[in-house]
Amino acid sequence: MSTRHSGLQKEVFSLYRRALRMVNLKPEQARQKFLLYVRYTFKSQAAAVPPRNISAIEHMLRRGRRQLEMYEDSKVRDCWVSKEMLEWGKQNPGRSVQSRPPT
Amino acid sequence: MSFLRLAVRSVARPRVAPRLAATFPHARPGFLQVAGYAAAAGLSKEQIATRVLDVLKGFEKVDPAKLTPSASFTDDLGLDSLDAVEVVMAVEEFSVEIPDAEADEIKTVQQAIDYIAKTPDAH
């Protein structure tokens, strides 16, 4: 894996960071669902497109930004996750402890 | 007399600097002063290292056996680039928001520790 990232990759990372920050602003009980949704969407879409297909990635970035803008609205308090996402989440667990340990 | 001159010269040129540089190969000039200031403010380098490693242990994909400060997220810990973004975001629980340009440069555990160490607001 190369250590240098292209500008397009950095844009994807930036969108992913923004999406993860959005998750942290959601109500506590819905956070896991939002997190699963964000992780699943990014991972599955990244796997669905060849890395050299720049115009497809740019299109997905634009679509992702529009979607994220919608989700960033504080009126959005919950989200729906499909069975497929839950299944994927079981196979690809992320972080097990979400809360900050007491210091 | 010449013995005395030799002694004076060896005092005047302490050999500490190169040895410290060997201990901290990634240290920037002025690094030690910064670390000292951070330690006085609250977090010592060891505390930061322990907590960053704890954050990483919380990730299911990370093999604790491979987890060392020098480990690279993608090369040693077997994370993909999106996982690496998640890991760096998790380090933000030190109450700092890492700007994108700097977060893109954090690729190893040590770089994450160093970033928190040089950020005075981290706690």
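Read-outs throughout are calculated quantities, based only on the coordinates presented, and are distinct from any laboratory measurement. Since the model is a prediction, treat every value here as computed from it, not as a measurement. Methodologically, a virtual Cβ is constructed for each residue, glycine included, from the backbone with ideal geometry; neighbour enumeration extends over all protein chains shown.
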(request) Filter region A:10-29 down to residues that are assigned to a helix (DSSP H, G or I) and surrounded by 15 or more Cβ atoms within 10 Å (Cβ to Cβ), then give me how many there are. (result) 12
(request) Could you grab the pairs with beta carbons closer than 6 Å, sequence gap of 6+ or different chains, first residue in region B:74-103 and under 15 Å from B:VAL62 (Cα atoms) and more than 9 Å from every other protein chain (Cβ to nearest Cβ), second one among the aromatic types (Phe, Trp, Tyr) and surrounded by 20 or more Cβ atoms within 10 Å (Cβ to Cβ)? (result) B:LEU79/B:PHE73
(message) Take the residues in region A:30-58 that are surrounded by fewer than 11 Cβ atoms within 10 Å (Cβ to Cβ) and assigned to a loop (DSSP other than H, G, I, E, B); name whichever of them is nearest to the other protein chains (Cβ to nearest Cβ).
(response) A:PRO51
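Every residue, every condition in (1) closer than 19 Å to A:VAL38 by Cα; (2) over 15 Å from the mean Cα position of the chain (by Cα), yes or no:
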site	(1), (2)
B:SER44	no, no
B:THR50	no, no
B:LYS61	yes, yes
B:LYS66	no, yes
B:THR74	no, yes
B:GLY78	no, yes
B:ASP83	yes, yes
B:ILE106	no, no
(message) If I filter region A:87-96 for residues that are under 26 Å from B:THR74 (Cβ atoms), outside any loop (DSSP other than H, G, I, E, B), within 13 Å of the chain's Cα centre (by Cα) and free of Cβ contacts under 8 Å to residues at least 24 places away in the same chain, do I get at least one hit?
(response) no
(request) Examine region A:59-77 for a residue that is surrounded by fewer than 14 Cβ atoms within 10 Å (Cβ to Cβ), within 11 Å of chain B (Cβ to nearest Cβ) and without any contact (Cβ under 8 Å) to a residue 24 or more places away in the chain, and state whether such a residue exists. (result) no
